[in-house]
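Report on the following structure.
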Amino acid sequence: MSVELLTPEGMFRPVPYHHVSVATGARQVHVAGQISRDGDAGPVAEGDLAGQVVQALRNTARGLAGAGADFSDVVRLRFFAVDWTPDKAGDFMAGIEKAADELAIPRPFPPVSLIGVDYLFEPDVLVEVEAYAVLD
């Protein structure tokens, strides 16, 4: 296995992700920020944060697969969410859970960050996700 995920003793718990990933391998995969668009660049799940999280992760899975990787190879996920407030956490996590089930994303997740931003690619885009993976 090229990725080891861990949460050392004394680090904040409980969280649905590991705090640390250790990767060995020679091939890095960096998936650019993925948003809620279909293959023809058409919007998916307009106005629906949970739906946009799912579609962005589906697109991320396609990017990983194109490089011969999957979510088990991911060492870090970084999310950007427009106008983030804590009351959006339920919808965000609903999207995460649905995508994790659908796409076989390992749980707990690799290290993950959620960063609130004012604006993304287009006005209808609510979330963007970047993925970093390492392959043997």
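Listed values, structure above:
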quantity	calculated
Selection within the stretch 63-92 - loosely packed, with under 15 Cβ neighbours inside 10 Å and either in contact with a Gly (Cβ under 8 Å, 6 or more places away or on another chain) or of a type outside the set (Asp, Glu) (or both)	ALA65, GLY66, GLY68, ASP83, THR85, PRO86, ALA89, GLY90
The lone exception for THR60 - which of (1) open to solvent by 30 Å² or more (accessible area, probe 1.4 Å); (2) within 19 Å of VAL129 (Cα to Cα); (3) touching a residue at least 40 places away in the same chain (Cβ under 8 Å) it fails	(1)
Residue that is nearest to ASP73 (Cα to Cα) [pool: residues in the stretch 96-136 that are touching a His at 6+ places or on another chain (Cβ under 8 Å) and either among the polar types (S, T, N, Q) or in a loop (DSSP other than H, G, I, E, B) (or both)]	PRO110
2 or more residues within 13 Å of the chain's Cα centre (by Cα) and of a type outside the set (A, V, I, L, M, F, W, C): qualifying strands (runs of 3 or more DSSP E) within the stretch 1-90	27-34, 74-82
Any hit, the stretch 100-117, residues being hydrophobic (A, V, I, L, M, F, W, C), in contact with a helix residue (DSSP H, G or I) (Cβ under 6 Å, 6 or more places away or on another chain), crowded, with 17+ Cβ neighbours inside 10 Å and over 19 Å from THR7 (Cβ atoms)	no
Which numbered condition PRO14 misses (of (1) surrounded by fewer than 19 Cβ atoms within 10 Å (Cβ to Cβ); (2) within 16 Å of VAL127 (Cβ to Cβ); (3) without any contact (Cβ under 8 Å) to a residue 60 or more places away in the chain)	(2)
Members of the stretch 17-48 found to be crowded, with 17+ Cβ neighbours inside 10 Å and among the basic types (Lys, Arg), listed by number	ARG37
Close pairs from the stretch 24-41: first free of Cβ contacts under 8 Å to residues at least 60 places away in the same chain, partner hydrophobic (A, V, I, L, M, F, W, C), Cβ under 6 Å, at least 6 apart	ASP38/VAL44
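Yes/no per residue for (1) among the acidic types (Asp, Glu); (2) modelled with pLDDT of 95 or more:
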position	(1), (2)
VAL74	no, yes
ARG78	no, yes
VAL82	no, yes
ASP87	yes, yes
GLY90	no, yes
GLY95	no, yes
PHE109	no, no
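The values are calculated or read from the model by the stated rules, or taken from the named source; none is laboratory data. Keep in mind it's a predicted model, so treat the numbers as computed, not measured. A quick note on method: Cβ atoms are made from the backbone with ideal geometry, for glycine too, and the neighbour counts reach across all protein chains shown. With ligands, DNA and RNA removed, areas are computed over all heavy atoms of the protein, side chains included. Shrake-Rupley method; radii C 1.70, N 1.55, O 1.52, S 1.80 Å.
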